[in-house]
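The values are calculated or read from the model by the stated rules, or taken from the named source; none is laboratory data. Not measured: the values here are computed from a predicted model. Reconstructed Cβ throughout: ideal geometry from the backbone, glycine too, with neighbour counts over all protein chains shown. Side chains included, ligands, DNA and RNA excluded: accessible areas come from the protein's heavy atoms. Shrake-Rupley method; radii C 1.70, N 1.55, O 1.52, S 1.80 Å.
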Amino acid sequence: MDLRELSPTGLRRIPEKDVRHGESKWLVEIDVESAALEERWGTPEITGDDFAEYFCFAFSPVKGEAFILLRDRYHAPAPGFIVSVTKGLFSREAVDKIIEVLAIPGVSATRVNAEVVEQ
């Protein structure tokens, strides 16, 4: 994916169920307050798996690509959210671009997947 296509004006929120989790991979942990995400993007969805329930914000910047922000609803191990992405967004460059398009001042990456750091 051409990251120039990723812009705040083109970003749209999608239902979590529309993200194919089998095709996504965690990219980065970001430091962002839940309240700031809600103020900018609305109420989070609640989703879950066999391990936990999560607060969730899912986005599709372009057709065929998506990213999702997840935070454990009850026992988050760290502040902030995990960002998982589809294959076309799995890159070091996408980390900064995703933070930019969220359009929330002060958001920063706290840990990036080692696989993209080594690319």
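Here are the numbers:
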{"read-out": "Whole-number percent relative contact order across the chain, with pairs defined as alpha carbons under 8 Å at least 6 apart", "value": "36"}
{"read-out": "Selected from Pro77, Pro44, Pro105 as most flexible by GNM, with the chain as the system and alpha-carbon contacts under 10 Å", "value": "Pro77"}
{"read-out": "Fraction of accessible area attributable to carbon and sulfur, the chain (%, probe 1.4 Å)", "value": "49"}
{"read-out": "Per residue accessible area of segment 33-119, 1.4 Å probe, in Å²", "value": "55"}
{"read-out": "Segment 14-119: trypsin sites (Lys or Arg not before Pro) in DSSP coil with no more than 12 other Cβ atoms inside 10 Å", "value": "Arg20, Lys63"}
{"read-out": "Distant alpha-carbon pairs in segment 24-86 (separation over 15 angstrom), percent", "value": "51"}
{"read-out": "Over 12 Å [Cα-Cα, segment 69-119], rounded percent", "value": "69"}
{"read-out": "Dipole magnitude of the chain, debye to nearest 20 (Cβ charges: Lys/Arg +1, Asp/Glu -1, about Cα centre)", "value": "260"}
{"read-out": "Alpha carbon convex hull of the chain, projected area averaged over orientations, nm²", "value": "7.0"}
{"read-out": "Solvent-accessible surface (1.4 angstrom probe) belonging to Asp31, in square angstrom, nearest 10", "value": "70"}
{"read-out": "Computed helical MRE - 222 nm, the chain, DSSP H runs ≥ 4 contributing -39500 (n - 2.57), nearest 500", "value": "-5000 deg cm²/dmol"}
{"read-out": "Spin-label zone in segment 45-80 - amide nitrogen under 12 Å from a point set 7 Å from the Cα of Asp31 along the C-beta vector", "value": "79-80"}
{"read-out": "Alpha carbon centroid spacing (whole Å) that separates segment 9-47 from segment 54-119", "value": "8"}
{"read-out": "Segment 47-93: chymotrypsin sites (Phe, Trp or Tyr not before Pro) falling in loop per DSSP and having at most 12 other Cβ within 10 Å", "value": "Phe51, Tyr74"}
{"read-out": "Accessible surface ranking that places the most exposed of Thr43, Thr110, Thr86 first, with a 1.4 angstrom probe", "value": "Thr43, Thr110, Thr86"}
